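Read through the structure below, which is laid out as structure tokens, and then see the notes.
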Amino acid sequence: MIKAATLLAAEEGANPLLPHTFELVVGIFSFLVVLVVVGRILVPRIQKTLAERTDAIEGGIKRAEEAQAEAQALQRRYSEQLEEARRDAARLREEAREQAAQIKAELREEAQAEARRLVEAAHAQIEADRQAAFAQLRTEIGRLSTDLAGRIVGESLEDEARQSRIVDRFLDELEGSNAQAVR
């Protein structure tokens with residue numbers, strides 16, 4: 001068989017390693033057509049698709065970074081508002097404590113003033129009752145004294161003016177002697 005292939009190649013008169021000219025021209029032309037189609041049509045489309053994907057990825061990353069920055073800013077604002085609310089609550093609690101202490105002090109002062117007023121009113125009432133009792137006692141003592149003096153003297157001391165003067169003088173002397181005894 002080797003002999004048959006050698007004979008066939010010799011008949012053709014060409015080197016089996018070199019392609020025919022027609023095949024070479026068709027191969028080069030086909031290569032150029034594929035090169036033009038790939039270089040002019042497919043490569044720009046591929047590059048455009050790659051660029052769009054790159055932009056989408058970079059845009060997504062950029063949007064994600066912006067969203068993250070916005071979220072951090074919102075979190076900072078929320079934290080600041082929360083801290084401010086805590087400070088306000090503490091301030092309000094302190095003001096409420098101060099107001100409660102002030103109200104308590106005012107109520108205590110009012111109660112003490114009311115107690116003083118009641119004590120003074122009671123003292124005044126006691127003094128008025130004492131004066132009334134003293135006046136009534138003085139009148140009763142005067143009447144009993146004049147009756148007793150009338151019995152002792154044996155005369156009637158019916159004259160009111162005279163009776164009143166005698167009783168007043170007697171009681172004044174009695175009060176004077178009591179005042180000296182107390183000293």
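The values are calculated or read from the model by the stated rules, or taken from the named source; none is laboratory data. Here the structure is a predicted model, which is why all the values come from computation and not from measurement. Virtual Cβ from ideal backbone geometry, glycine too; neighbours counted across all protein chains shown. Calculation scope for accessible area: heavy atoms of the full protein, side chains included, ligands and nucleic acids excluded. Shrake-Rupley method; radii C 1.70, N 1.55, O 1.52, S 1.80 Å.
Per-residue extension of 0.36 nm, minus the Cα-Cα distance of Ala89 and Ala181, leaves a gain of 26.0 nm for this segment. Taking Lys and Arg as +1 and Asp and Glu as -1, the other residues whose beta-carbon sits under 13 Å from that of Arg108 total -2. Probing with 1.4 Å while keeping every protein chain in the model, the per residue accessible area of the stretch 26-133 equals 89 Å². Counting protein heavy atoms only, the stretch 94-148 has 59 percent of its accessible area on carbon and sulfur, 1.4 angstrom probe.
Shape analysis of the stretch 26-133 places it in the prolate category; the axes a ≥ b ≥ c from the Cα gyration tensor give an a/c of at least 1.5, with a/b above b/c.
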